[in-house]
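Structure first, then comments.
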Amino acid sequence: MKIGILAAQTGNGHISVMTALKEEFVKYPNIEVNCFPSFYEDMIPGNKILSDFYNFLMINDINVCNKYCEFTALTRPDISENFLAGTKEFVKEFLLKYKFDILISVSHTINAVIINSLTENQELINTKFYIVVTDPFEPIAVGYNVPGANLYFCTNDCVKKILLKSGIEEEKININDYPLSEKYGSYVDNRIEIEKLQFSSNKKIVLLNAGSQGIYHYYNILKTIITQIEDIQIIVICGKNGGLYQRCKSLIEKEKYEKNIRLFGFVNNIEKYISIADAVITKPGANSIYEALYYGKPILIEALKGFLFQEKGVELLNKKYHFGLTLKNLEDTVPLLFDLLNNSSCNYIENIKEMHINNGTKKIVQTIIANARRPAMKSQP
C-alpha cells in the first residue's frame with residue numbers, strides 16, 4: 001500500500017502532524033509512506049512567496065497576519081479559477097507519477113485542487129483521499145471544509161459543525177483526539193532530565209516556548225520574569241530565530257542568571273522539557289497547546305499581540321475547561337505565572353485531567369487503513 005502525506009510550510013504544526021502520521025503508518029507491514037512537507041509551495045512559484053509572507057507576519061505582526069487570513073477566508077484563493085487552472089497540470093502529473101493508494105492532506109491550502117484532479121482523471125479512481133483538520137478550534141482555516149474527500153478527521157463537535165455546514169456528509173466526519181508524535185506516549189524520567197539540565201529538583205521549572213519560528217517578543221517575557229523572580233528555573237526555546245537566541249543569551253549573561261536558565265534554539269525533543277515543567281508559556285497554536293495538555297501542564301497562553309485567526313478558539317476552550325490563563329499584557333506575566341504555579345485561582349492540573357487528552361494518531365491511522373480497503377468511490381462525470 002502506497003501512501004502520500006501532503007503539507008504546507010505555514011508554521012510547523014502541519015509538519016508535526018505529518019511526522020506523527022508517518023511514524024504510525026510505518027509500523028504496519030507492506031506500507032510505503034512518502035511525505036511532501038512543501039507540496040503547496042512546489043505547485044507554483046508564487047505559493048512559496050505567500051507562505052514566506054505568512055510566516056513573516058506570524059512572527060512579526062499578528063494583526064496584519066489576521067487581516068491577511070480574513071482576506072483569504074473571504075476571497076477563497078484555494079478554489080479560485082486562476083489557482084485551480086495554474087496548479088492543475090502539476091497536481092495531475094504528480095498524482096499519476098506516484099499513483100498513491102492513500103493520499104492524506106494535513107493542510108488547508110491544497111484540498112480543492114487535489115479533489116478536482118482525483119475526480120477528473122479516471123486513472124486515479126483507486127486513490128482514496130483523507131483530510132486531517134489540524135485546526136482544532138473554531139474558526140478553522142478555510143480549505144479544510146471542501147467536500148469530496150473520503151473521510152475528514154477533526155477534534156470536536158465545533159469543527160464538525162463547520163464541516164457539516166459546508167455540505168460534507170456526517171458519515172464522513174470522524175472526531176478524534178489531536179494527533180501527536182509517538183514520542184508523547186513514551187516514558188520520560190523527569191528526575192534524570194532535571195539532572196541533565198543541572199537544575200534543582202526543589203525549585204519550580206517554567207518552559208518558555210517561543211515556537212518553531214521563534215516569536216521575537218518572547219525576549220520581553222523572559223526579561224520580565226528574570227528581573228522579578230529569583231526562585232524559579234526557566235527553559236527557553238527560541239526555535240529557528242537566531243536573533244531571539246542571541247538577545248536572550250546576552251540578557252541572561254547580563255543579569256547573571258545562567259544558573260537558573262537553560263537556553264535552546266530549535267529542538268526535536270521538546271516533550272522532555274514539557275514533561276519536567278511545572279507550567280508552560282506558549283503561543284496558542286494547536287500543537288503547542290495539545291502537547292502541554294497531554295502532559296497535564298498548566299498553560300500561560302501568550303496573546304500579547306492577539307490571537308491568530310485560526311487560534312481564537314483557544315480562549316473559548318480555556319474558558320470551558322480552565323487549563324490555564326491568558327497573557328494579554330506584559331505587566332501581568334509574573335502574577336499570572338505565580339497563579340499557575342501555585343494553583344491559586346483553581347486546580348489547573350485536575351481540570352486538565354478532566355479533559356482526558358489522548359494521542360489521536362493511532363486511531364486516525366487505523367480508520368484510514370480500514371476505509372482504504374473498501375472499494376473506491378466512482379469518479380464524478
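Out of contact with any Phe, Trp or Tyr (no Cβ under 7 Å at 6 or more places or on another chain) and either under 19 Å from residue 240 (Cβ atoms) or buried (at least 21 other Cβ atoms within 10 Å of the Cβ) (or both): does that describe residue 260?
So residue 260 fails the test.
Does residue 23 qualify as being of a type outside the set (Val, Ile, Thr), surrounded by 14 or more Cβ atoms within 10 Å (Cβ to Cβ) and under 16 Å from residue 364 (Cβ atoms)? Steps first, please.
Values: of a type outside the set (Val, Ile, Thr): yes; surrounded by 14 or more Cβ atoms within 10 Å (Cβ to Cβ): yes; under 16 Å from residue 364 (Cβ atoms): yes.
Yes, satisfied.
Tell me which strands (runs of 3 or more DSSP E) are completely within the range 142-236 and hold 3 or more residues being at pLDDT 95 or above and not assigned by TED's automatic domain parsing to the domain that holds residue 261, or say none if there are none. Explain how you work it out, then say what you get.
Working: elements: 151-154, 173-175, 204-209.
Strands (runs of 3 or more DSSP E) meeting the threshold: 151-154, 173-175.
Go through the range 74-97 and count every residue that is in contact (Cβ under 8 Å) with a residue 24 or more places away in the chain, surrounded by fewer than 16 Cβ atoms within 10 Å (Cβ to Cβ) and not hydrophobic (A, V, I, L, M, F, W, C).
The number of residues fulfilling the criteria is 3.
Say whether the condition of being of a type in the set (S, T, N, Q) and farther than 30 Å from residue 143 by Cβ is met by at least one residue in the range 265-288.
Yes: the range 265-288 contains one or more residues that are of a type in the set (S, T, N, Q) and farther than 30 Å from residue 143 by Cβ.
What helices (runs of 4 or more DSSP H) lie completely within the range 266-360 and have 1 or more residues being closer than 28 Å to residue 107 by Cα and at pLDDT 90 or above?
270-276, 286-294, 313-321, 348-355
Run down 71, 129 and say which single residue is crowded, with 18+ Cβ neighbours inside 10 Å and either in contact with a Pro (Cβ under 9 Å, 6 or more places away or on another chain) or not assigned by TED's automatic domain parsing to the domain that holds residue 238 (or both).
Selected residue: 129, the only one of 71, 129 that is crowded, with 18+ Cβ neighbours inside 10 Å and either in contact with a Pro (Cβ under 9 Å, 6 or more places away or on another chain) or not assigned by TED's automatic domain parsing to the domain that holds residue 238 (or both).
Looking at this structure, is residue 234 farther than 25 Å from residue 135 by Cβ and in contact with a strand residue (DSSP E or B) (Cβ under 8 Å, 6 or more places away or on another chain)?
Criteria met by residue 234.
Has the range 149-169 got at least one residue that is more than 23 Å from residue 357 (Cα to Cα), crowded, with 16+ Cβ neighbours inside 10 Å and in contact (Cβ under 8 Å) with a residue 60 or more places away in the chain?
Yes, the range 149-169 contains at least one residue that is more than 23 Å from residue 357 (Cα to Cα), crowded, with 16+ Cβ neighbours inside 10 Å and in contact (Cβ under 8 Å) with a residue 60 or more places away in the chain.
For residue 117, indicate whether it is crowded, with 20+ Cβ neighbours inside 10 Å, within 23 Å of residue 16 (Cβ to Cβ) and either out of contact with any Lys or Arg (no Cβ under 9 Å at 6 or more places or on another chain) or not aliphatic (A, V, I, L, M) (or both).
On the way: crowded, with 20+ Cβ neighbours inside 10 Å: yes; within 23 Å of residue 16 (Cβ to Cβ): no; either out of contact with any Lys or Arg (no Cβ under 9 Å at 6 or more places or on another chain) or not aliphatic (A, V, I, L, M) (or both): yes.
So residue 117 fails the test.
Could you please tell me which pairs satisfy a Cβ distance under 6 Å, a separation of 6+ or placement on different chains, a first residue in the range 60-71 that is within 15 Å of residue 10 (Cβ to Cβ), and a second residue that is part of a helix (DSSP H, G or I) and among the aromatic types (Phe, Trp, Tyr)?
66/309; 69/309
The values are calculated or read from the model by the stated rules, or taken from the named source; none is laboratory data. What you are looking at is a predicted structure, and each value in this text was computed from that prediction instead of being measured. All Cβ positions, glycine included, derive from the backbone under ideal geometry; neighbour counts span all protein chains shown.
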